[in-house]
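Visitor: Handing you this structure, nothing more for now.
The values are calculated or read from the model by the stated rules, or taken from the named source; none is laboratory data. As the structure is a computational prediction, the values presented were derived from the model and not from experiment. Virtual Cβ from ideal backbone geometry, glycine too; neighbours counted across all protein chains shown. Remember, those area values only see protein heavy atoms, side chains included, never the ligands or the DNA or RNA. Shrake-Rupley method; radii C 1.70, N 1.55, O 1.52, S 1.80 Å.
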Amino acid sequence: MRVGILGSGLMGGKLGTIFARAGHEVVFSYARSEHKLKSLARDTKGKAKPGTPPEAAQEADAVLLAVHWSRIDDVLKQAGDLSGKVIVTCSLPMNDDNTELVVAHTSSGAEELVKKIPKARVVSAFNTVPSEVLFGVYEAKRKAMRPSLVYCGDDSSSKRVAAQLIRDVGFDPVDAGPLRIARYTEPFALLVGQLAYEGKGGPELAYWFKRFRK
Ligand SMILES: NC(=O)c1ccc[n+]([C@@H]2O[C@H](COP(=O)([O-])OP(=O)(O)OC[C@H]3O[C@@H](n4cnc5c(N)ncnc54)[C@H](OP(=O)(O)O)[C@@H]3O)[C@@H](O)[C@H]2O)c1
C-alpha cells in the first residue's frame with residue numbers, strides 16, 4: 001500500500017523505513033531538513049521518496065502521524081484535507097518536556113485528534129513501544145513468538161489496514177476495541193517508556209499478552 005509519513009523522526013523515520021522494506025510505497029515528510037527526508041528515503045533501498053505533507057497524505061492508503069503533540073495542528077494544517085483517510089497515529093498527548101500526558105482519563109490524544117479531523121478514520125497504534133525496539137522486532141518477525149501491539153479505533157476497515165501494517169513490522173496486533181480505549185493505551189505507553197528508559201536492560205523493549213486457559 002501507499003503510506004504517507006507525517007513526522008519523520010524517531011518513530012516515523014523507523015516505521016517508514018520498515019514499511020518500505022516490507023514492500024510498501026512510502027513518502028517521508030515533515031522534518032526540519034529536506035536532506036533528512038531524502039536520506040531516509042534513499043536508505044530504505046525500497047520504494048520510498050521524500051515529499052511535502054500534502055504529497056505524503058493525498059495519495060496515501062494510510063497516513064502515519066508521528067509528531068510531538070505540540071506539532072499536531074501545524075502538520076495537519078500543512079497536510080490539507082484528510083477526509084476519508086486512514087490515519088494511524090502513534091502520537092501521544094505529551095507536554096512540552098515529555099513528562100506528562102496533557103489529555104487523559106476523560107479523553108485521549110486519539111479522541112482529541114478526531115475532533116480536529118472528524119472526517120478522517122483514526123486508528124491509534126504503535127504508541128506503546130519505544131522506537132528503539134522497532135528494527136529488532138522487524139528482524140525477528142519470522143520467529144514463532146511475535147510481541148503484541150495494542151491498537152484501537154472506531155472504523156473496522158481502517159483497523160484492518162492498521163493491523164496489516166502492525167503485522168508487517170513484526171508484531172501480533174491486539175485489537176483493544178474502540179478509539180476511546182486510547183484512554184488506557186496512552187498511559188500504558190508511559191509505563192512501557194518508564195521500563196524502557198529507566199529500567200534495567202535498555203530501551204529495546206516490547207511486550208506480550210498471553211491468555212492462560214485451563
Ligand atoms: N520515540 C518513541 O519511542 C515514541 C514511542 C511512542 C510514541 N511516541 C510518540 O510519537 C510521536 C513522535 O515521536 P518521535 O520520538 O518520533 O518524535 P521526533 O523524533 O521528535 O520526530 C518528530 C518529527 O517531527 C519533525 N518536526 C518537529 N518540529 C518540526 C517543525 N517545526 N517543522 C517540521 N518538522 C518538524 C521532526 O523533525 P526533525 O527530524 O528535523 O527533528 C521529526 O521528524 C510523539 O507524539 C511521541 O510522543 C514516540
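Visitor: Between Leu179, Leu134, which is open to solvent by less than 10 Å² (accessible area, probe 1.4 Å), within 15 Å of the chain's Cα centre (by Cα) and within 16 Å of the ligand (Cβ to nearest atom)?
Guide: Testing whether each residue is open to solvent by less than 10 Å² (accessible area, probe 1.4 Å), within 15 Å of the chain's Cα centre (by Cα) and within 16 Å of the ligand (Cβ to nearest atom) leaves just Leu134.
Visitor: For the subset of segment 8-23 comprising residues that are of a type in the set (A, V, I, L, M, F, W, C) and either within 13 Å of Leu165 (Cα to Cα) or surrounded by fewer than 18 Cβ atoms within 10 Å (Cβ to Cβ) (or both), which member is nearest to the ligand (Cβ to nearest atom)?
Guide: Applying the first criterion (of a type in the set (A, V, I, L, M, F, W, C)) to segment 8-23 yields 10-11, 15, 18-20, 22.
Retained after the next criterion (residues that are either within 13 Å of Leu165 (Cα to Cα) or surrounded by fewer than 18 Cβ atoms within 10 Å (Cβ to Cβ) (or both)): 10, 15, 18-20, 22.
Values: Leu10: 4, Leu15: 9, Ile18: 13, Phe19: 14, Ala20: 16, Ala22: 19 Å.
Step by step, filter segment 8-23, then rank; the result is Leu10.
Visitor: Separate question: Within segment 82-121, take every residue that is β-branched (Val, Ile, Thr) and within 16 Å of the chain's Cα centre (by Cα) and give me the one that is most open to solvent (accessible area, probe 1.4 Å).
Guide: Val114
Visitor: A follow-up question, please. Out of all the residues in segment 67-81, which are part of a loop (DSSP other than H, G, I, E, B) and either under 13 Å from the mean Cα position of the chain (by Cα) or within 14 Å of Ile5 (Cβ to Cβ) (or both)?
Guide: Val67, His68
Visitor: Of the numbered conditions (1) of a type in the set (Gly, Ala, Ser); (2) within 11 Å of the ligand (Cβ to nearest atom); (3) out of contact with any Ser or Thr (no Cβ under 7 Å at 6 or more places or on another chain), Ser83 satisfies every one except a single condition; which is it?
Guide: All conditions pass for Ser83, except number (2).
Visitor: Please return the ranges of helices (runs of 4 or more DSSP H) entirely within segment 87-184 where 2 or more residues are farther than 19 Å from Pro203 by Cα. First the steps, then the outcome.
Guide: On the way: elements: 109-116, 134-139, 156-169.
Of the helices (runs of 4 or more DSSP H) lying wholly inside segment 87-184, those with at least 2 residues that are farther than 19 Å from Pro203 by Cα span 109-116, 156-169.
Visitor: Say whether the condition of being touching a Ser or Thr at 6+ places or on another chain (Cβ under 6 Å), in a helix (DSSP H, G or I), within 16 Å of the ligand (Cβ to nearest atom) and among the charged types (D, E, K, R) is met by at least one residue in segment 186-199.
Guide: Looking through segment 186-199, at least one residue is touching a Ser or Thr at 6+ places or on another chain (Cβ under 6 Å), in a helix (DSSP H, G or I), within 16 Å of the ligand (Cβ to nearest atom) and among the charged types (D, E, K, R).
Visitor: Which condition does Ala144 not pass, out of (1) within 14 Å of the ligand (Cβ to nearest atom); (2) open to solvent by 10 Å² or more (accessible area, probe 1.4 Å); (3) not hydroxyl-bearing (Ser, Thr, Tyr), if it passes all the others?
Guide: (1)
Visitor: Does Val67 satisfy the criteria of being under 18 Å from Lys115 (Cα atoms) and near the ligand (Cβ under 10 Å from one of its atoms)?
Guide: yes
Visitor: If we scan segment 31-53, do we find a residue that is in contact (Cβ under 8 Å) with a residue 12 or more places away in the chain, open to solvent by 40 Å² or more (accessible area, probe 1.4 Å), under 13 Å from Leu65 (Cβ atoms) and within 15 Å of the ligand (Cβ to nearest atom)?
Guide: no
Visitor: Out of Pro203, Pro178, report the one residue that is of a type outside the set (Ser, Thr, Tyr) and touching a helix residue (DSSP H, G or I) at 6+ places or on another chain (Cβ under 6 Å).
Guide: Values: Pro178 fails: touching a helix residue (DSSP H, G or I) at 6+ places or on another chain (Cβ under 6 Å).
Of the residues listed, the single one that is of a type outside the set (Ser, Thr, Tyr) and touching a helix residue (DSSP H, G or I) at 6+ places or on another chain (Cβ under 6 Å) is Pro203.
Visitor: Between a first residue in segment 88-112 that is farther than 26 Å from Ser157 by Cβ and a second residue that is open to solvent by 50 Å² or more (accessible area, probe 1.4 Å) and among the aliphatic types (A, V, I, L, M), which pairs have beta carbons less than 6 Å apart while being 6 or more apart in sequence or on different chains?
Guide: Asn95/Val102
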